[in-house]
Number of protein chains: 6
Amino acid sequence: MRLQLATWPDIETYLESCDAILVPIGSTEQHGPTGLIGTDAICPERIAAGLAEEGALVAPTISIGMAQHHLGFPGSIALRPSTLMAVVEDVVRSLQATGFRRVMFLNGHGGNIATMQAAFSEIWSRASLEATSSPLSLKLVNWFMLPSVRRLSRELYGDAEGSHATPSEVALTWFAYPDARRDATLNPRLAPDGPIRDAADFRRRFPDGRCGSDPTLATPEHGERFYRAALDDLRTIWTEFRS
Amino acid sequence: MRLQLATWPDIETYLESCDAILVPIGSTEQHGPTGLIGTDAICPERIAAGLAEEGALVAPTISIGMAQHHLGFPGSIALRPSTLMAVVEDVVRSLQATGFRRVMFLNGHGGNIATMQAAFSEIWSRASLEATSSPLSLKLVNWFMLPSVRRLSRELYGDAEGSHATPSEVALTWFAYPDARRDATLNPRLAPDGPIRDAADFRRRFPDGRCGSDPTLATPEHGERFYRAALDDLRTIWTEFRS
Amino acid sequence: MRLQLATWPDIETYLESCDAILVPIGSTEQHGPTGLIGTDAICPERIAAGLAEEGALVAPTISIGMAQHHLGFPGSIALRPSTLMAVVEDVVRSLQATGFRRVMFLNGHGGNIATMQAAFSEIWSRASLEATSSPLSLKLVNWFMLPSVRRLSRELYGDAEGSHATPSEVALTWFAYPDARRDATLNPRLAPDGPIRDAADFRRRFPDGRCGSDPTLATPEHGERFYRAALDDLRTIWTEFRS
Amino acid sequence: MRLQLATWPDIETYLESCDAILVPIGSTEQHGPTGLIGTDAICPERIAAGLAEEGALVAPTISIGMAQHHLGFPGSIALRPSTLMAVVEDVVRSLQATGFRRVMFLNGHGGNIATMQAAFSEIWSRASLEATSSPLSLKLVNWFMLPSVRRLSRELYGDAEGSHATPSEVALTWFAYPDARRDATLNPRLAPDGPIRDAADFRRRFPDGRCGSDPTLATPEHGERFYRAALDDLRTIWTEFRS
Amino acid sequence: MRLQLATWPDIETYLESCDAILVPIGSTEQHGPTGLIGTDAICPERIAAGLAEEGALVAPTISIGMAQHHLGFPGSIALRPSTLMAVVEDVVRSLQATGFRRVMFLNGHGGNIATMQAAFSEIWSRASLEATSSPLSLKLVNWFMLPSVRRLSRELYGDAEGSHATPSEVALTWFAYPDARRDATLNPRLAPDGPIRDAADFRRRFPDGRCGSDPTLATPEHGERFYRAALDDLRTIWTEFRS
Amino acid sequence: MRLQLATWPDIETYLESCDAILVPIGSTEQHGPTGLIGTDAICPERIAAGLAEEGALVAPTISIGMAQHHLGFPGSIALRPSTLMAVVEDVVRSLQATGFRRVMFLNGHGGNIATMQAAFSEIWSRASLEATSSPLSLKLVNWFMLPSVRRLSRELYGDAEGSHATPSEVALTWFAYPDARRDATLNPRLAPDGPIRDAADFRRRFPDGRCGSDPTLATPEHGERFYRAALDDLRTIWTEFRS
């Protein structure tokens, strides 16, 4: 069940048997010359939609994340870590106020991880500093780190997976939006790697926006395999989490 | 052109001839017994998609807004005004950092208006307090206040339009998602009206979540008419804004 | 009763029969070549003083508001929206902590409206996100939008009322401070109109600080009529609000 | 010259020969059974008005201050220190943006001192952390600590001056508002003294709101003498500060 | 007992008979050509260590303080006042959450005083604005203002004590770290004095970093005398505070 | 060279040949029945002191970290993530303002990692959102994750290392403070493991404060070996970082 297509009586009924919800979160940022700017939101949204068809309650995707280092490329939009923390805090507190006790985020962007974890700690600090007890379970699942996904990526791409604008995520977006496929010759095939700092430094180090990856290896068929692999792992995690 | 389905070179090219972007913004909140929780995001997203097909650049929808008063009903999610202001500020500053000069928000939620205007002022305060000059044009367009939309609503529903869970927005969501149509007998037909305060007070005053409206008057056909009316007005505003 | 001229036992007694208070709020900002910098504070302060004489409890005027767009003209002072929100929140929470349940702001500055409404929502968010119920009633009354005031303004000035440094507010300041009257020839008689952005843009669009108005039409006699009209409407609103 | 009764061209002219301004700041808080709630704002406002008559530019009084410890008594209004710091920062930055370089605050409330000094440091931190140089001079003058005022207080009241709801400030409010005089028998004559913590603790320690003072010694004639003493000292400080 | 060398069961036992803790706080900032950058942290840390040996519970030293005005000299590190307030608030709330009721700060830096007091008020505002009662006792003790210390400083140095990089604090650091002694000829012997503003202004006024002091008068033997004097006074204050 | 025992001219000289600094950061939190509350600060401080003896510039240790989950045990002190981010931001900006360009944090607490990374991104966001370029290099090194340390831990303890109150960190504190050694029988030998949430939940899951570890395996001799292993790795990283 997708939250935005439900009514409040639907959710009231749902809460009678389950107090868990899945929130996809991504980013709107450059993904190299051929990757979609929405890649990091599209991937968790597509996987979560699969789980929603099986009955899980899925919230609207938070499409903007912590992407300051991509601001050297047009089309990128970033929340400061402090802003993203406030967003996550308000989302979780809203869900708690209306009866949810378990909130699982399905994340599509590596740059969100640290900030999301800091946000969870900020939320728990409220209870801890008041010496009260919080009823909340919070969990962050990164689809690109799911075991089946990692296995498939190693099998298909080996080191060419890289860390940004990877063939696995590009493949998944093409499965989700077949018309979005772009073919291009990338030079060098394998993008450089290095540390991540501010946006100007990032563009100097990674001139076309990719980090260590060769997304030309992606195909829509790979994308479907990534989707199925991720959904299988996610289903298991969700089933355990919701009970 | 939808930003999430574009690449950064696409946007670099777009910026050579236009520095304007349209950002849909809504809310995730109860809309009465039959209205979709995603109504306020779905409506501007659907209208903006129409303009994107005509060439306008449209960002991903900001789906969560200032909806604290709806937190008495499950499924509602709210950002505090201060959080939403930070989000809007970061989105606008990101776009400015990457070359945009004109940002137009297409809004689907009355509760966002004051906070959005405060956010614009907060952004401009940065320049004003530094005694520098900002190159930004910011504009807030509320689709439900567009003249053609108001005219059509008055014609179709008169006073039964009300102010929340209105037949016009319900109709538009049914046009966007025909399967989402829900028919139900609402009692009373016309919901009560009154001031808006905190969530507990809201649920006392508006027991089924509607304010002053009779959404049973909505039809998908009306929805398409609202879509066309809104798109016509928006096209005119956009054309003037982008140049 | 004016709060600053009362003692705490006076207020303790007052609270036994009434838990409402009126807080004038304005701005300190340029009002064109002839308008007083204090116009937006003087007007609600003067009207509220009238109601105080009839027994209403009136707090000290908050004289500084959201006026970033006027910072291109010397003498203007502005709070960022986020700062004004914190001020309103602390004032309201202080009053609540000491026994008040109804707080009505009498506002003299259009630029404050959105931020004040966002502040109210921020206050209510505290209760809504905690799933508790707030006992507060908050109300914003803009004196220049009161029906009797609008009627009188239309009658006396028509379109020459404009939107900043208006003849109605100038007239009211001259009624309050007869010595402050300034006569001058303004060129053009009717100031230009347009959107409001940052301070530098504002000064470019509105070279002498007025927006769409011709304040040379004002007289102290008009000022007294505006005072009486506003006080009549305010009395009705207050009487209903306090009970 | 009082800022609120001036126009922006007046201030533009003033700035040609002087870039200094005086800002009265006080508090709205209980002052014992007979002291006015507005005492801390009325005193600096009255003294500053004297200097304004001699040509100094005086801003509107900031009437609400850091008074959390008085919130056990109705009629008290408090800003959190963080809020007051934001207010002071915005006021100073506004004045700097419009051409001022010297800002002197005339303070009437001991509870404001630490927060005001912290606010000054916050303002200067902006320049220091950017390794730039600030052109600002900021000064805090507490009228009740001026040498002539201290001398007169010791002469008239000795130890009965105390530290809150003091006879000197009560006297000055009676000079400013002769009708506000209240006579009452206070029991004990001399209020207790002790540390200041939260509001509940304060009301327990200081049951009628006074700290160590006997305000029954005050007379309006004393008030005029305090006014003249303070004005003499202030004039000297201002003359040196503005040049 | 030093907190960092204890275990949690040690503290659980300690709390059975005492709910007070001593927190040294200082700064990391230039102290003239011969003074240690850690002077303001070393002094309270050394004195507190003496009290810890006598059984008082002493927390780790907060080594960074409000030192924005020293940022013109390399080696200085500063927290903004707002940041230091958040640190103090979190430290106090943590201690309160785990059973402490009395928190005494032993401060080594004049620049911290106002911000610390504002932080205490911010903490108490939480209770006061909620109309609840706080069980906390908070106290700020500045070692350099202790009566025995002031007496000894006057006796040894008279006016050459000055206000920054003073011989008394330099002497105490040499007692704590005998190898850190530095002898140098300072020119002028007595440093200039003046107001404190931003870092650039500070370096202009105080070219070698000292304010009004002649630290060449310091000796390690003086340092031991200051240590004993401070410890004697502190013991008395602590004994009264903890009970 | 330790910053707190240096003078500003020392640092001015140092900056002529090197613009890098090492900042130890830890936490003050329970470490089980036998581990020191200061463990996470003592470990990086001790290792950094080794590097300081070899010429590296080492700042004072930031002794308080993100430890909200330990607040169920007395003696723990925690900064909220947002507060720790402000501290890191101010420290880095201070160092940048005074000439440093490379800041390396040596961290002793796993709970700090996410927040530190978020803080770095917040710092870089300033440059990225302004479309300017930051000259800063920031690096986070966790001593307990250094390859030689991990190797030694696996060799000595295998799975009994666990994740909190580990034998490796306990051993290192006993090397640093031989008198602090505590022997005790722990029951169970191997502590339980599980997710980390708020403080009340943590104490329920981990009744004596340890997570998955058996610190009774620690010896001071192990501690010295960990010290040497960590110092070797750190030296290599530092040498590369500073040039």
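The values are calculated or read from the model by the stated rules, or taken from the named source; none is laboratory data. Just so it is clear, the structure is predicted and the values come from calculations on it, not from any experiment. Virtual Cβ from ideal backbone geometry, glycine too; neighbours counted across all protein chains shown. Only protein heavy atoms, including side chains, enter the accessible area calculation; ligands, DNA and RNA are left aside. Shrake-Rupley method; radii C 1.70, N 1.55, O 1.52, S 1.80 Å.
Per this entry, A:Gly55 is counted among residues that are farther than 22 Å from A:Thr173 by Cβ and modelled with pLDDT of 95 or more. Selection of first residues in the range C:91-111 that are under 14 Å from C:Lys139 (Cβ atoms) and facing chain D (nearest Cβ under 10 Å) and of second residues that are among the small types (Gly, Ala, Ser) and part of a strand (DSSP E or B), restricted to Cβ pairs under 9 Å at least 6 apart or on distinct chains, gives the following pairs, ordered by first then second residue: C:Phe100/C:Ala20. Screening the candidates C:Glu53, C:Glu122 for the property of being facing another protein chain (nearest Cβ under 8 Å) and closer than 30 Å to D:Gly72 by Cβ yields one hit, C:Glu122. For the range E:70-90, the tally of residues that are facing chain F (nearest Cβ under 7 Å) and more than 23 Å from F:Leu5 (Cα to Cα) stands at 5. Determine whether F:Ala131 is at negative phi, touching a Ser or Thr at 6+ places or on another chain (Cβ under 9 Å) and facing chain A (nearest Cβ under 10 Å). Taking the combined requirement at face value, the residue does not satisfy it.
Residues of the range C:158-171 that are in a helix (DSSP H, G or I) and either open to solvent by 20 Å² or more (accessible area, probe 1.4 Å) or within 14 Å of chain B (Cβ to nearest Cβ) (or both): C:Gly158, C:Asp159, C:Glu161. Can we say E:Asp159 is at pLDDT 95 or above and in contact with a Ser or Thr (Cβ under 7 Å, 6 or more places away or on another chain)? Against the criterion (at pLDDT 95 or above and in contact with a Ser or Thr (Cβ under 7 Å, 6 or more places away or on another chain)), E:Asp159 does not qualify. Of the listed requirements (1) at pLDDT below 95; (2) in contact with a strand residue (DSSP E or B) (Cβ under 6 Å, 6 or more places away or on another chain); (3) of a type in the set (Lys, Arg), A:Arg182 misses just one: (2).
What do you reckon, is C:Arg182 touching a residue at least 12 places away in the same chain (Cβ under 8 Å), open to solvent by 10 Å² or more (accessible area, probe 1.4 Å) and farther than 28 Å from B:Ala119 by Cα?
yes
Among F:Thr39, F:Thr13, F:Thr34, which is at pLDDT 95 or above, open to solvent by 20 Å² or more (accessible area, probe 1.4 Å) and of a type in the set (Val, Ile, Thr)?
Just one listed residue meets the conditions, F:Thr13.
Applying the condition of being over 26 Å from the mean Cα position of the chain (by Cα) and at the interface with another protein chain (Cβ under 7 Å from one of its Cβ atoms) to the range A:9-26 and asking which residue is nearest to A:Trp143 (Cα to Cα) yields A:Glu12. For the range D:16-31, which residues satisfy the criterion of being farther than 20 Å from C:Ser94 by Cβ and either open to solvent by 10 Å² or more (accessible area, probe 1.4 Å) or among the small types (Gly, Ala, Ser) (or both)? Once the filter is applied, which keeps residues that are farther than 20 Å from C:Ser94 by Cβ and either open to solvent by 10 Å² or more (accessible area, probe 1.4 Å) or among the small types (Gly, Ala, Ser) (or both), the range D:16-31 yields D:Glu16, D:Ser17, D:Asp19, D:Ala20. Of the residues making up the range B:45-57, not a single one is within 29 Å of D:Ser94 (Cβ to Cβ) and either free of Cβ contacts under 8 Å to residues at least 12 places away in the same chain or buried (at least 24 other Cβ atoms within 10 Å of the Cβ) (or both).
For the range F:115-152, the tally of residues that are in contact (Cβ under 8 Å) with a residue 24 or more places away in the chain and in a helix (DSSP H, G or I) stands at 14. The one condition from (1) more than 8 Å from chain E (Cβ to nearest Cβ); (2) within 27 Å of E:Ala184 (Cα to Cα); (3) among the acidic types (Asp, Glu) that F:Glu45 does not meet is (2).
Which condition does C:Glu89 not pass, out of (1) open to solvent by less than 10 Å² (accessible area, probe 1.4 Å); (2) within 21 Å of D:Val87 (Cβ to Cβ); (3) of a type outside the set (A, V, I, L, M, F, W, C); (4) in contact with a Lys or Arg (Cβ under 9 Å, 6 or more places away or on another chain), if it passes all the others? Of everything listed in (1) open to solvent by less than 10 Å² (accessible area, probe 1.4 Å); (2) within 21 Å of D:Val87 (Cβ to Cβ); (3) of a type outside the set (A, V, I, L, M, F, W, C); (4) in contact with a Lys or Arg (Cβ under 9 Å, 6 or more places away or on another chain), C:Glu89 misses just condition (1).
Give the range D:186-215 a look and list any residue that's free of Cβ contacts under 8 Å to residues at least 60 places away in the same chain, open to solvent by less than 40 Å² (accessible area, probe 1.4 Å) and in a loop (DSSP other than H, G, I, E, B), or say none. Scanning the range D:186-215 gives D:Gly194, D:Phe206, D:Gly212, D:Asp214. One residue alone among A:Phe202, A:Phe206, A:Phe241 is of a type outside the set (Asp, Glu) and farther than 30 Å from F:Ser125 by Cβ, and that residue is A:Phe241.
Does B:Gly99 satisfy being small (Gly, Ala, Ser) and at positive phi? Answer is yes for this residue. Here C:Thr236 passes the criteria (1) within 14 Å of chain B (Cβ to nearest Cβ); (2) free of Cβ contacts under 8 Å to residues at least 40 places away in the same chain; (3) within 18 Å of the chain's Cα centre (by Cα) except the one numbered (1).
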